Amino acid sequence: MASCTEPAKAPASFWWCGSKQGYSDSNIVNIGNGHRGLAHQLKPGYPSERSTDAHLRGTAAPFVKVNAVVRCVLLCAAALILSSCASDTHLSFLNPQGPVASIQRTHFLEMVALLAIFVALPIFVLLPWFAWRYRYGAKSSRYTPKWAFSRTLEVAAWSGPAVIVALLAVLVWRSTHALDPYKPLASEMPALRVQVIGYDWKWLFIYPDQGVASIGVLPLPAGQPVAMQLTSATVMQSLQIPALGSQIYAMGGMVTQLHLQADKPGRFMGENTMYNGDGFHQQRFTAVAMTPDAFNDWVKQIQAHGVPLDASTLKLISEPTTRAQLAAALGQSQASDGGIYFNHATSDVFSSVVRATMDGTVADLQTMGHAATSTAVHVVGNATPPSAEQKP
Amino acid sequence: MSRKAAKYPGLNLSSAHGKDHEAAESLMFGFWVFLMSDAILFGMVFATYVTSVHATAGGPGPFQLYDIKSIFVETFLLLASSFTFGMASLALKYKHSTPRLIGWLAATLILGVAFLCFELHDFSTMFAKGGVPSRSGFLSAFFDLVPLHGLHVAGGCIWLICLVGQIARYGLDTKAKLGIMRLALFWHFLDIVWIAIFSVVYLAGLT
Amino acid sequence: MNLPYVLAHPLGLLSLESLPFWQMLQDPSESNVINGIIAAGAASMVVIGAIVTFALITRYRKWGVLWSDWLTSPDHKKIGIMYVVLAFVMLARALIEALLMRTQQAFGLGGGFLSPDHFAQLFSTHGTIMIFFMAMPFLTGMINYVMPLQIGARDVAFPVLNSISLGLTVAGAALVMISLCIGTFSTGGWFGYPPYTEATFSPGVGPDYWIWSLTLASLGSTFTGINFAVTIYKHRAPGMTFMRMPLFTWTALCTSILMIFAMPPLTVATAQLALDRYLGFHYFTNALGGNMMHFANLFWLFGHPEVYILILPAFGIYSEVVSTFSGKVLFGYRTLVMATMAIAILSFTVWLHHFFTMGQSAHINAVFGIASMLIGIPTGVKIYDWMLTMFRGRIRFTVPMIYSIGFMLLFVLGGISGILLADPGIDYQVHNSVFLVAHFHNVAVPGVLFGMIAAYHFWFPKAFGFRLNERWGKISALCWIAGFMLAFFPLYALGLMGMPRRTVAYSEPAYVPLEMVALLGAALIILALTALIVQLWVSIRQRNANRVFAGDPWDGRSLEWSISAPPPEYNFAMIPQVTARDAFAVAKEGRSAYQRLDTYEDIEMPKNSAMGPVIAAIGFSLAFGLVWHIWWMVILSFLAAVATMIVRGFARDTTRIVSAQQVRKEHHCWIDAITSVTAISRADERAG
Amino acid sequence: MSEQRNVAVDGIDPMQEERWEFRSYVWGAGIALLLTVVPFALVHWGGLPRLPILIVIGVFALVQILVHFRCFLHISFAHKREDLPLILFSALLLTIMVAGTVWIMASLALRMAMPAS
Ligand code: HEO
Ligand code: HEM
Ligand SMILES: [Cu+2]
């Protein structure tokens, strides 16, 4: 078992560590009406910090021993399945890159260990044994056709699971409160505010305090908590960056919250997990944590050189397009890291999207012929394109 | 005093009736179960309404749309119809003459139809004030709940007419009796739903 | 819709573009051609299947028999068999779709061959069919066939309503099938969350197909639930107290109760969505006070109890199978009953665990998470009691028993992953990932499907009078078990690697090897299905060698084994007097089984009724009209439905008499047959 | 009608029984009317603050529902039938479903609002 190393020691060889570069999602074929994503070569990452080491930062784990065993088993199995994936984008919370994911991993392993040992194991031992021992041919074993009740066994059958559930309940109560996505993370630093708007099929990240925004890449300062507000300009979506922590829905007219933090510079896969049409599988992004200095440089650079986030830009963003299609529509090539960056982004954008969605300003105009009830910016996307009407 | 005979409204098939009695037992119980399923349906629609009261989206709300006088009349009509149906049940159970039974049923029908007329009138005034279902989440929820009850009443009225037709055709046979007994349950049940509607929707809305 | 418009569009929205190959002909790009060919192939399978069935029935002049012996029959046994046939047909379709999805995902790195839209229809129809038109009909059919026999009844409480329920279910299934040929199905998944399914975002007819097929099915299930519950409450044989009911009947009761109370929220949710789509209401829209979270809430108020509707009868089946093939009384009967009821009631208190990530407070999440875990307690008790039933038994490894053992081992894993998902802290990570897909297949396949297939093997001899071939059965069972493990265990790992559900393609090479394994598993599952078909064919050919007219092929314990196989239409020559649990086992021991009667009585049975097929036709045309906005069709169908019910209200002469002589003749014929056969010893049985 | 009126069924005098049942309907209708008029009057003429009126409406509605069950639907604890347990069970589920929905939706409404920034 000694050979089962912590992921920290050899992350590059484990299956959850992620993908090779070179498969930008725009390589994936056809969207909607046979639109093809524009082919883009993904160039080496920007900014270029990579994270190769990970570490376990857990809460005090009551089942450390058990935990270690299970972890070893998991890791060994994993190592067997895939022994080489030289990658730099973190895919999984099992290789956590921030405090939230880290607690989740510990909690997950604890729960798996508990359930494996106290629930699965007895059954996996006893059942095959009974089945063999009392098979029809085994004439020598006892046969008690009328034996139908035993108070001791009944009590045990109920109280065993009940005790386990009671224990789980305590763990669950605590962890649920600790991991509430709405709960701000404890830190000396004030949280970085990010407003997230879900569009078909990309996420728009607005940094209201910096006046910049991005699509496709979510740059973050490492070590500083991030406080996200989310909404959707179209259908229900769900934002998740597994290596950093929880997911939360984004819905039209509603504002949800999510708090995350990256411990150190690195690249993390981010996605929408709630199916929302043809471009769903392309609605991915990379969260990039960088040093505070690098982050500030990035902000300055975008403030100077980004695309202005004005009404006409927002209108283009609200079209049902993938990121690549949007870049083309903006007459831009994506930056070398696949992102599209904007400046002149105010927090009004977010609130006006929420309001416009709630008022149904656009939906009204387009589908029901009612008069517009608000003068908010018309940014809500209308419909998925008439899709290639195919059948299963 | 024994209350044994008061099992179901109008249930007049004692165990001496053998097969018919058995059929009545299943049928009445089955109908009760159906009503309870229907109650859940109404419950969910109520829940929709309660959680959407404030979703007026700038459109008209209860104070602009509801007319308490009209609701009071409707409540009274429905209560009266429950009473007349009760009388019909008694007429069935204690074997009063068939015309008398039909008379009570007719009275119930008239009250039911009157209720529906008032309700339709309510809806049309609401429409005139811009209270259309596509205006807001609140109005959608309103027009889910109240007309659903109205549709039930309308269905009850049609059922009642059919039963009278059956009596005219076959006399008061077991099947017609069982029909009336089930309709009685249905009718009283709808009155109970109405209590919830006038309390939760109208009175609470106008408070 | 104003009148001139309606008159100008007698076919509503229907047009040539609704045909599956139209797009391909208009725009023969590579992807359109591939998808068009697959779609047209599927459509032609439906059409050809229908034509061949038609032709065969006509060729062998079976229309009369089909109509009078099957379609219009109020006999619960025949209705049960028809439900199971429907379930198998739909299972085949949904499994082919599953294989197609697995193939697409196996080659989904950077693209694959299916268009996203096509893939979305696949998971939507697969999920919808598996839940509503495979699992539900299967268990409804099994309960229909077995439950009245187990409680010593002649039929269900409302035989014609039973036939109507079947009609509604078939109409819903037909709607899903026709969506292959005309138009497209929804792409919103089996739970069709708005606002994606609102007219703004899904303007086509897809969600309408979904809405109306679900509405038909759920109406049918509500009536079925009422019917079963009343049957069990009111039509038990004398002496069959609640605590003497076989466990399968108990689970049937609890499932019925769930159907009665869980279907209404679904009906409300789909009806409201329909109002949104058709009349511009604002229940779930983004705008004007609509609230899509309310749909999620309503749907899962139904959706969670639904999965227990599926699993409870399977639990009942395992109880019967384990006890029978262990040659023992069921251990802890009372506990098993209590556990069943506990699961049924708890299932109404956990629905929120399907949307932990929607944003409600941590208190609420924790409460519902813990409530979900509570269900683990009675479920565990059941598993322990089955194990204790096997303990000190004489276990025969027949096909149903193999499925049961496979179930117990695999279901524990699925249950554990359920517990993990019920932990909000973990669910924040794996919600909407293929980890969740692995969980619910891990409970749905070894739990529900294995149970149903076990039931099919277990009661087939009762229904048709001969056994199914054991060898092919075992081959199939092993393929199912191995195939399941290969197909779904990799998904746990993929889910932990961040792979979302419902993704047509992906860009992580790391997913590929596991996807390949899953594809292999899916292929094995198709083999398993093939083995089942071969088994049926072989068994029919060898039927004379495997006859079990005496009716008790497994040394059964409950009343359904105490009569001939197949049973007479009235089930029991005389309604049995029950004195104990496991009534038939007791009778066999007391040598009071297989008695001639002193006197025979006339038996009153319901007459055939065309209500079932008529309602099926009306329901289908109503729904089809609604989907395609063919308003004259809608109005006519609606009026026809009302008229049918009124006419039925006027029907009087609805029963017929089976004469005492006939009952006597049939009963004696069977008793004679029994006395002339010698019982097979268990050892011989295993050899054969 | 060929059947005879006034034949004792199950040994109970039908005349008396009928009077008793008739009275039950009359009482039911009377009480129901009262329970209706009071909240309507309160709402129409006002006088009380909002909360007490809401409580009165709620309590009166519940009581009236019970009255209907008792007097019109003849549900009571007196005889052993399945309908009372059935109704209680349904009421329990209805409460779980409706209260749960309100709880959840209220929490969501609270947490979905746009935070003032
Ligand atoms: C037949 C179907 C079935 C069954 C039986 C179950 C059983 C359970 N399910 Fe599952 N489920 C089913 C079908 C589904 N579930 C789903 C989704 C789902 C989700 C939502 C996840 C998400 O969306 O993020 C949760 C939290 C659970 C939890 C559970 C739990 C706790 C059980 C428990 O009942 C399991 C109990 C069994 C146990 C625990 C094993 C045996 C117990 C022993 C041995 C005793 C000791 C154990 C303990 C003390 C813990 N399920 C979905 C997804 C829908 C969708 O999104 O498309 C489906 C279809
Ligand atoms: C036995 C072989 C089966 C295979 C190979 C299979 C395969 C699949 C696949 C590939 C998906 C899509 C997963 C995704 O979203 O990425 C899926 C979804 C689903 N399956 Fe199955 N399945 C099988 C059996 C069943 C059974 C028996 C049931 C239910 C009783 C079932 C119910 C579902 C449901 C509800 C969905 C979700 C659909 C949705 O996303 O809306 N499946 N299945
Ligand atoms: Cu669930």
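Just so you know, all these numbers are worked out from the coordinates, no wet-lab data involved. The structure presented is a predicted model; accordingly, all values stated were derived computationally and were not measured. Positions of Cβ are generated from backbone atoms using ideal geometry, with glycine treated the same way; all protein chains shown enter the neighbour counts.
Return the residue satisfying two criteria in turn: it lies in region A:300-326 and is of a type in the set (A, V, I, L, M) and surrounded by fewer than 19 Cβ atoms within 10 Å (Cβ to Cβ), and of such residues it is nearest to residue A:235 (Cα to Cα). Give the steps one after another, and end with the answer.
First, the residues of region A:300-326 that are of a type in the set (A, V, I, L, M): A:302, A:304, A:307, A:309, A:311, A:314, A:316-317, A:324, A:326.
Applying the additional criterion that residues be surrounded by fewer than 19 Cβ atoms within 10 Å (Cβ to Cβ) yields A:304, A:311, A:316.
Details: A:304: 33, A:311: 21, A:316: 17 Å.
For region A:300-326, the residue satisfying everything is A:316.
Taking only pairs six or more apart or across chains, which ones have beta-carbon atoms under 8 Å, a first residue in region C:461-488 that is on the phi > 0 side of the Ramachandran plot, and a second residue that is assigned to a helix (DSSP H, G or I)? Hits for this filter: C:465/C:543. Residue C:120 meets the conditions (1) out of contact with any Ser or Thr (no Cβ under 6 Å at 6 or more places or on another chain); (2) within 12 Å of another protein chain (Cβ to nearest Cβ); (3) closer than 20 Å to residue C:501 by Cβ in every case but one. The failed one is (1).
For residues in region C:358-390 being away from ligand 1 (no atom under 12 Å from the Cβ) and more than 7 Å from every other protein chain (Cβ to nearest Cβ), which is farthest from the chain's Cα centre (by Cα)? For region C:358-390, the residue satisfying everything is C:363. Within region C:346-357, one or more residues are more than 27 Å from the chain's Cα centre (by Cα) and of a type outside the set (Phe, Trp, Tyr).
Considering each of A:237, A:195, A:210 in turn, give the residue that is buried (at least 19 other Cβ atoms within 10 Å of the Cβ), more than 7 Å from every other protein chain (Cβ to nearest Cβ) and within 16 Å of ligand 2 (Cβ to nearest atom). Exactly one residue qualifies, and that residue is A:237.
Can residue C:548 be described as touching a residue at least 60 places away in the same chain (Cβ under 8 Å), under 21 Å from residue C:156 (Cα atoms) and either touching a Gly at 6+ places or on another chain (Cβ under 6 Å) or of a type in the set (A, V, I, L, M, F, W, C) (or both)? Judged against the criteria, residue C:548 is not a match.
Can you spot a residue in region C:433-445 that is touching a helix residue (DSSP H, G or I) at 6+ places or on another chain (Cβ under 6 Å), within 8 Å of chain A (Cβ to nearest Cβ) and near ligand 1 (Cβ under 9 Å from one of its atoms)? Taking every residue of region C:433-445 in turn, at least one turns out to be touching a helix residue (DSSP H, G or I) at 6+ places or on another chain (Cβ under 6 Å), within 8 Å of chain A (Cβ to nearest Cβ) and near ligand 1 (Cβ under 9 Å from one of its atoms). For region C:173-182, indicate whether the set of residues that are of a type outside the set (Ser, Thr, Tyr), within 14 Å of chain A (Cβ to nearest Cβ) and within 11 Å of ligand 2 (Cβ to nearest atom) is non-empty. No; the residues of region C:173-182 include none that is of a type outside the set (Ser, Thr, Tyr), within 14 Å of chain A (Cβ to nearest Cβ) and within 11 Å of ligand 2 (Cβ to nearest atom).
I need the full set of residues from region C:416-465 which are touching a Lys or Arg at 6+ places or on another chain (Cβ under 8 Å) and within 16 Å of ligand 2 (Cβ to nearest atom), in order please. Passing the criteria: C:432, C:433, C:434, C:436, C:437. With respect to the conditions (1) farther than 14 Å from residue C:247 by Cβ; (2) among the aliphatic types (A, V, I, L, M); (3) more than 7 Å from chain A (Cβ to nearest Cβ), residue C:408 lacks only one, and its number is (3).
One line per residue, one yes/no per condition, for (1) within 16 Å of ligand 2 (Cβ to nearest atom); (2) touching a Lys or Arg at 6+ places or on another chain (Cβ under 6 Å); (3) within 14 Å of chain A (Cβ to nearest Cβ):
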site: C:50; (1), (2), (3): no, no, no
site: C:59; (1), (2), (3): no, no, no
site: C:62; (1), (2), (3): no, no, no
site: C:73; (1), (2), (3): no, no, no
site: C:77; (1), (2), (3): no, no, no
site: C:86; (1), (2), (3): yes, no, no
site: C:100; (1), (2), (3): yes, no, yes
site: C:104; (1), (2), (3): yes, no, yes
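On the given criteria, is residue A:119 surrounded by 15 or more Cβ atoms within 10 Å (Cβ to Cβ) and part of a strand (DSSP E or B)? Spelling it out, it is not the case that residue A:119 is surrounded by 15 or more Cβ atoms within 10 Å (Cβ to Cβ) and part of a strand (DSSP E or B). Being touching a residue at least 40 places away in the same chain (Cβ under 8 Å) and more than 14 Å from chain A (Cβ to nearest Cβ) is true of residue C:156.
Evaluation of residue C:393 against the conditions (1) in contact with a Ser or Thr (Cβ under 6 Å, 6 or more places away or on another chain); (2) of a type in the set (Gly, Ala, Ser); (3) more than 7 Å from every other protein chain (Cβ to nearest Cβ) shows that the sole unmet condition is (3).
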